[in-house]
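Beneath this line is the structure, given in structure tokens, with notes to follow.
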Amino acid sequence: MTPQPAGPPDGGWGWVVVAVAFTVNGLSYGLLRSLGLAFPDLAEHFDRSAQDTAWISALALAVQQAASPVGSALSTRWGARPVVMVGGVVASLGFVFSAFASSLLHLYLGLGLVAGFGWALVFAPTLGTLSRYFSRRRVLAVGLALTGNGASSVLLAPAVQLLLDAFGWRGALLLLGAVTLHLTPCGALLLPLALPGDPPAPPRSPLAALGLGLFTRRAFSIFALGTALVAGGYFVPYAHLAPHALDWGLGGYGAALVVAAAAVGDAGARLICGWLADQGWVPLPRLLAVFGALTGLGLWVVGLAWGGPLLAAALAYGLSAGSYAPLVFGVLPGLVGIEGVVQATGLVLMLMSLGALLGPPLSGFLRDETGDFTISFLVSGSLIVSGSFIYIGLPRALPSCGPASPPAMPPPESGELLPTPQVVSLSPGGPHPTLDTTC
């Protein structure tokens, strides 16, 4: 039998897993973002409106996130490697099936349901496995993996347009199906890793495999509620930042520049914040609450800015939103322990799907009622700020009441934010023990 390591290797094969997660993120979220380039051709071919074709990406995103607990449960039961490999095949078949579509309904089924479900089997198990390979550098590793979205968009967007020009939308979908099939060899690289604290046998009950028992933990429930509120506003700029710029008369290239500024700030901040968080200078829950609040404030500024200042506001928003993203997944092992991180990742993505479905429609409704996106961004920012205030209830989110020695932390694989006994430390003035008090 292979001996159990003392903890996450914090490197080694873990960097291969980072590359796998980077590719998975690019071939799921990045490809989904670039797929919108085909929508005008689809609308013209089937004589449908742009709103009708937009439901393709909406369904794919909703299914991918809402079905993530299923991918996590299957991964907990049989391991991430076979689940991700099967998910790559399913996502590829969704593209191939859609290439022969004779109606928009076939595209809803192929790209929305089949490909979306395939991505659900791929993303959560991969990100959960990544968290198991790292401890001290965990947030940096997650940040590197999540930059796959933006990096792949830069490469895939012109590639998708080239395929559309050369082969039409049917040929493009067939070739994208072949590209998506590369998720299968990515899954083969996810070597299983046994860690101390892992259960001796996988759960047999479906409810236990889904990890619903995690909601009985106070810290995870607080985190889940805060994340659900944040998600209600977090995805609004993905849909309405460019239209907001167009409303202020910036034109097509000006709106594209605003979106690009937000994307560059987002990608850079994921790496910088990942490195900063791993230094241990500030507890992760505190960083999560701070950068979440800054993201909400950034949306307020975006909603109130116009003209040239909107570019700077979008860059500031991108920096704060990018800093928040890796912290969401980086804090999970501390809340649930390394043995529950795969299930927790799936549940978090499911909660995010609620915001992805409800946030943009609410923003569009407010725009229709008021005539611009100002109120939309103010409400979205308020949802994010509200969720960030809920994060204050997490362990170590607030500073200690007085100077005290840092508490002894359990091994990362046991959950450094789980309840621990009060620590006795020695005061600097003498050998008398003093209790470490916290707020």
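Largest first, the residues S323, S103 sort by 1.4 Å accessible area into S103, S323. One decimal place: the segment L191-R218 gains 6.5 nm when fully extended, by the rule 0.36 nm per residue minus the C-alpha distance.
Within the shell defined by Cβ-Cβ distances under 12 Å, the residues around G211 carry a net charge of +1, with Lys and Arg each +1 and Asp and Glu each -1. Using R₀ = 35 Å, calculate the FRET efficiency as 1/(1 + (r/R₀)^6) where r is the Cβ-Cβ separation of L207 and W281; round to 0.05. E between L207 and W281, to the nearest 0.05, is 0.35.
Among Y253, Y317, the sequence by solvent-accessible area, most first, with a 1.4 Å probe is Y253, Y317.
Shown for the chain are the DSSP H helices of 18 Å or more along their axis, judged by Cα atoms, with a mean Kyte-Doolittle hydropathy of at least 1.6: 80-99, 284-304, 374-390.
Normalised by the number of residues in the chain, the mean separation of alpha-carbon contacts (under 8 Å, six or more apart) gives a relative contact order of 22 percent. Annotation for A260 and A19: the two label points, set 7 Å from Cα along the Cα-Cβ direction, are 3.0 nm apart. Measuring nothing but how far apart in sequence close Cα pairs (under 8 Å, 6+ apart) lie, relative to its length, the stretch 62-218 scores a relative contact order of 39 percent. Note on surface exposure: I272, I375 rank I272, I375 by accessible area, highest first, 1.4 Å probe. Once Lys and Arg get +1 and Asp and Glu get -1 on their Cβ, which of F117, F97, V331 lies farthest toward the positive end of the dipole of the chain? Ranked along the dipole, the leading option is V331. Using a cutoff of 8 angstrom between alpha carbon atoms and counting only pairs six or more residues apart, the relative contact order for the stretch 210-398 works out to 43 percent.
Element breakdown for the stretch 1-128 at a 1.4 angstrom probe: carbon and sulfur atoms account for 70% of the accessible area. Using a ≥ b ≥ c from the Cα gyration tensor of the stretch 53-124 (square roots of the eigenvalues), is it rounded, prolate or oblate, where a/c under 1.5 gives rounded and otherwise the larger of a/b and b/c decides, a/b for prolate? Because a/c hits 1.5 or more and a/b fails to exceed b/c, the stretch 53-124 counts as oblate.
This model, with +1 at the C-beta of Lys and Arg and -1 at the C-beta of Asp and Glu, gives the chain a dipole about its Cα centre of some 860 debye.
Over the chain, dividing the summed -39,500 (n - 2.57) contributions of all DSSP H runs of at least 4 residues by the number of residues returns a 222 nm mean residue ellipticity of -22500 deg cm²/dmol.
Rolling a 1.4 Å probe over the heavy atoms of the protein chains gives the chain an accessible area of 43 Å² per residue. Between H45 and Q161, what is the label-to-label distance in nm when each label sits 7 Å out along the Cα-to-Cβ direction? The answer from the label model is 2.0 nm. For Rg and Dmax of the Cα atoms in Å, the candidate list reads (1) 22.2, 82; (2) 20.8, 68; (3) 30.1, 90; the entry that matches the value derived from this model is (1).
Accessible surface of the stretch 210-398, 1.4 Å probe: 75 percent of it comes from carbon and sulfur atoms.
The values are calculated or read from the model by the stated rules, or taken from the named source; none is laboratory data. Fair warning: this is a prediction, and the values are worked out from it, not measured in the lab. Glycine gets a Cβ as well: all are built from the backbone with ideal geometry, and neighbour counts include every protein chain shown. Ligands, DNA and RNA are stripped out before the accessible areas are found, and what is left, the full protein with its side chains, is counted by its heavy atoms. Shrake-Rupley method; radii C 1.70, N 1.55, O 1.52, S 1.80 Å.
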